[in-house]
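Note sheet for the following structure.
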Amino acid sequence: MTRELDLILFGATGFTGRLVAEYLQRAAVDAPMRWAVAGRSHDKLAALGLDVPIVVADALDAAAVGALARRTKVVCTTAGPFARYGSALVAACADAGTHYCDLTGEVPWMRRMIDLHHDRARTTGARIVHTCGFDSIPSDLGTWATQQEFIRRFGGPASKVTALYGEQSGSVSGGTVASAIETAREASGDRAVRALLANPYALDPDPRAPRPPAPDEHAIGWEPRLKLFTAPFVMAQVNTRVVRRAHALAGFPWGAGFRYREAMSAPPTLRGVALAAGATIGGAAIAVATLVPAVLEQLARRAPRPGEGPSAEVRQRGHWKLRLLADGPNGHTLSYVVSDRADPGYGSTATMLGESALCLAFDPLSSAGGVQTPSVAMAQPLLDRLRRAGLVFEPA
């Protein structure tokens, strides 16, 4: 691909966008590249103080984002809510054969992008890769890495992987909340969207194809191997769908009956019981409340505004840990860990999204075009990059 630029970061003036811009600026010191920042306001982009080109484009202007996509190998975007601001950019990249990555967790919007642009992107060779942040690289790439280790040790894949998100410290930004509220608004007014969100295979190539039952977690449980309580995990309704799409896109290499389950974990103490109960009850209450428009608007008014986020001090105290338990034939088991000493939604997400963009721009990838997941599009090259960047992916 011969283009004027290697990479354009769209939405660079938002909270997460600024963090990704800083990450790319540091990366460019060690590996020079041709990159630019893009958004609606030239003055705000100039205020970032980066010595890179500025591209002015409104996300809702199809002609402007089309011209932007044709200038670069990769578009990396943080401009959400994506259902409101992302569709024209995905369409432009699919049409231009330009690789694309974002950090959305908006399942209904991703379903629309698959239906509208997967076939075109396959034709042009564009890799359209959603969920390249804490949603859902740890789950998606972590499951893929766990299976590779399981196959290396035992000669075949695990038939079941359980992902447990445990110890973590972090915060959410206004942009993350805005995306969640956008999805809730869609669901509150559209029965078809609610049905899609309830479908555990909502992002599969054919979400109506017969598949093994895969109910979401709705209650407190117990994991005997780790001696930990389990409870519903707020991001599982995104992550599980991404992992299952990855397996389907790859041609079901782990078997048609492969099962993936995801939950949060809590310690085997009274505090752990309280955490698990709070997550279960609180999650159910929020799910019901967001179906009431008046309550949803109250939540929207009280939430952090887009562009807001945690301080550098808070981000530096962040950390997270994911445990993956793989079970296979003949009683074989494997424990695997994915973790980082950084705020999950910001420090880690900036690293994961930045490295995804760099991987799409510079690494020799063998995957086809289409609306992919991180593990399908980038697999081992992205895993290698994230390990070099400091994330842990290793057997426990």
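The values are calculated or read from the model by the stated rules, or taken from the named source; none is laboratory data. Not measured: the values here are computed from a predicted model. Cβ placement follows ideal geometry from the backbone for every residue including glycine, while neighbour counts extend to all protein chains displayed.
Figures for the structure shown
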{"item": "Candidate set from the range 74-85 (those that are buried (at least 24 other Cβ atoms within 10 Å of the Cβ) and under 17 Å from residue 184 (Cα atoms)); member that is modelled with the highest pLDDT", "result": "82"}
{"item": "All positions within the range 116-129 that are within 7 Å of residue 371 (Cβ to Cβ) and not small (Gly, Ala, Ser)", "result": "117, 118, 128"}
{"item": "Cβ-Cβ under 7 Å pairs, at least 6 apart or on other chains, the range 155-174 side within 28 Å of residue 14 (Cα to Cα), far side basic (Lys, Arg) and modelled with pLDDT under 95", "result": "169/317; 174/305"}
{"item": "Selection within the range 95-132 - modelled with pLDDT under 95, within 17 Å of residue 360 (Cβ to Cβ) and of a type outside the set (A, V, I, L, M)", "result": "104"}
{"item": "Identity of the residue in the range 339-374, over 17 Å from residue 76 (Cα atoms) and among the polar types (S, T, N, Q), that ends up surrounded by the most Cβ atoms within 10 Å (Cβ to Cβ)", "result": "339"}
{"item": "Qualifying residue in the range 76-84 (condition: in contact (Cβ under 8 Å) with a residue 24 or more places away in the chain, over 25 Å from residue 53 (Cβ atoms) and not hydrophobic (A, V, I, L, M, F, W, C))", "result": "yes"}
{"item": "Hey, residue 10 crowded, with 19+ Cβ neighbours inside 10 Å and either at pLDDT below 95 or more than 25 Å from the chain's Cα centre (by Cα) (or both) or not", "result": "no"}
{"item": "Answer from 372, 380 - the residue that is more than 22 Å from residue 183 (Cβ to Cβ) and not assigned by TED's automatic domain parsing to the domain that holds residue 147", "result": "380"}
{"item": "Subset tally (residues that are within 24 Å of residue 134 (Cβ to Cβ) and either without any contact (Cβ under 8 Å) to a residue 12 or more places away in the chain or in contact with a Gly (Cβ under 6 Å, 6 or more places away or on another chain) (or both)) for the range 200-233", "result": "3"}
{"item": "Wholly enclosed strands (runs of 3 or more DSSP E) of the range 291-396 bearing at least 1 residues farther than 30 Å from residue 186 by Cβ and either in contact with a Lys or Arg (Cβ under 6 Å, 6 or more places away or on another chain) or touching a residue at least 12 places away in the same chain (Cβ under 8 Å) (or both)", "result": "319-327, 333-340, 392-395"}
